Amino acid sequence: MSISTYIILFGFLFGTASAAAAAASDDDQKVAVSSSTITIEEITPEMYKTFISSGQLELVQQRDNIYRPYDDPPRIPCLKAYDLWMAQHINEFQALANKECRPFRGGWSNKDCCVLFVVNPQYPPCRKWAQYEYSATMKVSAYASP
């Protein structure tokens, strides 16, 4: 190989490594930070089963930090906004669930809506884990988007 081939190859590798480092630093800046704790009330057993099977449950705010399940048809723009946010943060929540070998529950909201979510541990590293028991009321960490 000629010296120019090595220079081009080095430039390509350096450029790829720099792009990967830049992407990693962008991801580091998008860490989800809990803003508070919210309480979800009036959860029926059927709603809880839906929540556990789908991993999400749309909520509506009752008063400050108090929510209840949204029982009308799903609001598609709300769920799309949630999906975009979760796509940025799923690895963080997955790492927390795997670390504890326990499902990670949280609530996400923006100015228009709120979604209760659960991220289950993966196998491996977790061979078995206990799911939370049904409760008509629960408290979870809240995460917000502008």
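Data overview
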{"quantity": "Eligible lysines near LYS128 by straight Cα distance, threshold 25 Å, same-chain separation 8 or greater", "calculated": "LYS49, LYS99, LYS139"}
{"quantity": "Evaluated at q = 0.21 Å⁻¹: base-10 log I(q)/I(0), Debye formula over Cα of the range 20-144", "calculated": "-1.30"}
{"quantity": "Proximal charge balance of PHE104 [Cβ under 15 Å; K/R count +1, D/E count -1]", "calculated": "+2"}
{"quantity": "Mean accessible surface per residue for the range 23-146, computed with a 1.4 Å probe while every protein chain stays in place, in Å²", "calculated": "60"}
{"quantity": "Rounded percent of accessible protein surface that carbon and sulfur make up, the range 63-120, 1.4 Å probe", "calculated": "51"}
{"quantity": "Net charge, ILE52 excluded, C-beta distance under 14 Å - Lys, Arg +1, Asp, Glu -1", "calculated": "+1"}
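The values are calculated or read from the model by the stated rules, or taken from the named source; none is laboratory data. These figures come from a predicted structure and were not determined experimentally. Because the Cβ atoms are built from the backbone with ideal geometry, glycine has one as well, and the counts that use them run over all protein chains shown. Just so you know, the surface numbers come from the protein's heavy atoms only, side chains and all, with ligands and any DNA or RNA stripped out. Shrake-Rupley method; radii C 1.70, N 1.55, O 1.52, S 1.80 Å.
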